[in-house]
1. I'd like to check something: does the range 82-89 contain any residue that is at pLDDT below 75, over 15 Å from the mean Cα position of the chain (by Cα) and closer than 24 Å to residue 306 by Cα?
2. For residue 118, only one of the following conditions fails: (1) at positive phi; (2) at pLDDT below 85; (3) in the same structural domain as residue 315 (by TED's automatic domain parsing). What is its number?
3. If I filter the range 1-25 down to residues being without any contact (Cβ under 8 Å) to a residue 60 or more places away in the chain and outside any helix (DSSP H, G or I), which single residue comes out as surrounded by the fewest Cβ atoms within 10 Å (Cβ to Cβ)?
4. Which residues, taken from the range 26-44, are buried (at least 16 other Cβ atoms within 10 Å of the Cβ) and without any contact (Cβ under 8 Å) to a residue 40 or more places away in the chain?
5. Quickly run through the range 302-314 and pick out the residues that are assigned to a strand (DSSP E or B) and modelled with pLDDT under 85.
6. Surrounded by 20 or more Cβ atoms within 10 Å (Cβ to Cβ), out of contact with any strand residue (DSSP E or B) (no Cβ under 7 Å at 6 or more places or on another chain) and at pLDDT 80 or above: which single residue out of 330, 287, 326 fits that description?
7. Residue by residue through the range 26-47, note down the ones that are under 27 Å from residue 179 (Cβ atoms), within 36 Å of the chain's Cα centre (by Cα) and not in a helix (DSSP H, G or I).
8. Hey, does the range 166-189 have a residue that's touching a residue at least 40 places away in the same chain (Cβ under 8 Å) and farther than 29 Å from residue 19 by Cα?
């Protein structure tokens, strides 16, 4: 593939992006309006003639504009993939570092909270809410498998191996990448309609199964799966400080509930859904709480918001006669501290 100078690359990229958006052949006047080249239509026409001679674009009709050739698409996607592979690599490194740091902070938070209040405490790691698809990258692993890398808003990366029903060549992978990214980038799961899914599968033809798997993976990436939500707890033994909770059967039930991770995640989700803005502090007394074994307790929860759609929940469980003022003050302070730690690193 012959090397192109920077000007030709920019013009080719503008032609491809405009064609992807409109589906119509692209003329020199359109390119002169939408690029930052500050070139005349005549100069752009000359460059387009060179690109056509080199095989990167085609002129479907004598008087029409140009459309990308397979060779043009290949150059565009190869460069795009190179950029995105670097971006995905950087995102992964950043998220590993951020996750390690966050885990240490959250573990420390629940210990301090349990110590300050003398109650049982818990905090969920942040999960992503209503985030959008940023980029999808399909690449061949072997003749029978593809690797799908899906990056969503908040820089959450999900990898999925896709088993193929039949052979697929590089050009078909290229066209699937273009199809998926053109149609899905910038959308949330809620915005991907049934009609859009049907159309995508029709356009994918014999490889509609690849589209189905990618869509399932997107839904899985964006949804908050309870099994993937980290929960950090501390101060369970503080329950024994209070006579009304410390008899063996009651304390045993409470500690069992406190150790059941999925139960805690579901509980935290239920309590957060009660708050309109998902940022307020809520108090649940006795039977108002979502877990029957905690009917003799009070629970106070607060949501923290780290931005970019990342939210988590803090919870404190104690007797009904807990020091509500102290608990609420501690939660308000923690919300501010978490905000300062993660929004302003």
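1. Here is the first cut: in the range 82-89, the residues at pLDDT below 75 are 82-89.
Then keep just the ones that are over 15 Å from the mean Cα position of the chain (by Cα); that gives 82-86, 89.
Restricting the remaining residues to those that are closer than 24 Å to residue 306 by Cα gives 89.
Within the range 82-89, one or more residues are at pLDDT below 75, over 15 Å from the mean Cα position of the chain (by Cα) and closer than 24 Å to residue 306 by Cα.
2. That leaves (2) as the condition not met.
3. Among those that are without any contact (Cβ under 8 Å) to a residue 60 or more places away in the chain and outside any helix (DSSP H, G or I), it is 3.
4. Residues satisfying the conditions are 27, 28, 30, 31, 32, 35, 37, 39, 44.
5. First, pick out the residues of the range 302-314 that are assigned to a strand (DSSP E or B): 302-307, 310-314.
Matches in the range 302-314: 302, 303, 304, 305, 306, 307, 310, 311, 312, 313.
6. On the way: 287 fails: surrounded by 20 or more Cβ atoms within 10 Å (Cβ to Cβ); 326 fails: surrounded by 20 or more Cβ atoms within 10 Å (Cβ to Cβ).
The unique qualifying residue is 330.
7. Those that are under 27 Å from residue 179 (Cβ atoms), within 36 Å of the chain's Cα centre (by Cα) and not in a helix (DSSP H, G or I): 26, 35.
8. So far as the range 166-189 goes, yes, one or more of its residues are touching a residue at least 40 places away in the same chain (Cβ under 8 Å) and farther than 29 Å from residue 19 by Cα.
The values are calculated or read from the model by the stated rules, or taken from the named source; none is laboratory data. Note that the coordinates shown come from a computational prediction; the quantities given were computed from them, not determined experimentally. In this analysis, Cβ positions are derived from the backbone assuming ideal geometry, glycine residues included, and neighbour counts consider all displayed protein chains.
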